[in-house]
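What follows is a single structure, written as structure tokens, with notes after it.
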Amino acid sequence: QVQLVESGGGLVQPGGSLRLSCAASGSIFSINVMGWYRQAPGKERELVASINSGGSTNYAGSVKDRFTISRDNAVNTVYLQLNSLKPEDTAVYYCVLSTRGYTYWGKGTQVTVSS
């Protein structure tokens with residue numbers, strides 16, 4: 001059993017920044033992939049960024065120059081730094097962890113970019 005606890009979402013103006021955090025607890029295997037998905041109203045769920053246990057990262061093309069994913073393996077926590085936010089970044093952001101054939105999801109946190 002794995003639990004993912006997210007924090008950091010909220011309302012921000014265009015051009016602003018947020019840092020999302022996701023802490024995993026429970027039976028965590030050290031070799032895993034953690035990442036962030038997002039889903040905007042009326043759109044498909046999209047993989048934003050991922051990072052494996054060795055630190056290799058992957059980004060969606062729309063966010064590569066603005067967002068940064070990182071992790072702290074010692075505390076099973078993944079972060080997403082969102083800079084230069086745009087209204088089109090508005091979505092529910094979901095933390096995900098995949099390990100040993102299982103995928104776990106957070107409940108999602110709302111990010112709203114609006115003036």
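The values are calculated or read from the model by the stated rules, or taken from the named source; none is laboratory data. Model, not experiment: these values are computed from the prediction. Note: ideal-geometry Cβ built from the backbone for every residue, glycine included; neighbour counts use all protein chains shown. Areas reflect the complete protein model, heavy atoms only, side chains present, ligands, DNA and RNA absent. Shrake-Rupley method; radii C 1.70, N 1.55, O 1.52, S 1.80 Å.
If R0 is taken as 35 Å, the Cβ-Cβ distance between SER25 and SER114 corresponds to a FRET efficiency of 0.60.
Here the Karplus relation 6.51 cos²θ - 1.76 cosθ + 1.60, evaluated at θ = phi - 60°, turns the backbone of the stretch 20-26 into coupling constants of 8, 10, 9, 9, 9, 9, x Hz, with x for every Gly and Pro.
Neighbours of SER84 by Cβ distance under 15 Å: Lys/Arg scored +1, Asp/Glu scored -1, total +1.
So with the 1.4 Å probe, I'd like the accessible area per residue for the stretch 1-86, rounded to whole Å². The partial results should precede the final answer.
Numbers: 4610 Å² over 86 residues.
Heavy-atom accessible area per residue stands at 54 Å².
Converting the Cα gyration tensor eigenvalues of the stretch 4-49 into ellipsoid dimensions via √(5λ) gives semi-axes, longest first, of 24, 15, 9 Å.
With Cα atoms as the point set, the radius of gyration and Dmax of the stretch 1-77 evaluate to 13.5, 39 Å.
Just flag the trypsin sites (Lys or Arg not before Pro) in the stretch 70-115 sitting in loop per DSSP whose Cβ has no more than 12 other Cβ atoms within 10 Å. All intermediate terms of the calculation are to be shown ahead of the outcome.
Numbers: sites: ARG71, ARG100, LYS107; in loops: ARG100, LYS107.
Here the sparse-neighbourhood loop sites are ARG100, LYS107.
Considering only LEU97, GLN110, PHE67, and ranking their Cα positions along the charge dipole of the stretch 64-113 that arises from unit charges at the beta-carbon of Lys, Arg, Asp and Glu, the one farthest toward the positive end is LEU97. 3J(HN,Hα) couplings calculated from phi for the stretch 3-11 with the Karplus curve 6.51 cos²θ - 1.76 cosθ + 1.60 (θ = phi - 60°) are, in sequence order, 10, 10, 10, 9, 8, x, x, x, 9 Hz; Gly and Pro show x. Using θ = phi - 60° in the Karplus curve 6.51 cos²θ - 1.76 cosθ + 1.60, the 3J(HN,Hα) couplings for the stretch 110-115 round to 7, 10, 10, 10, 7, 8 Hz; x is entered for Gly and Pro. When only the Cβ of Lys, Arg, Asp and Glu is charged (+1, +1, -1, -1), the dipole of the chain relative to its Cα centre reaches about 60 debye.
One chain, two ends: VAL5 and ASP65. Fully extended at 0.36 nm per residue, the span grows by 19.0 nm beyond their Cα-Cα distance.
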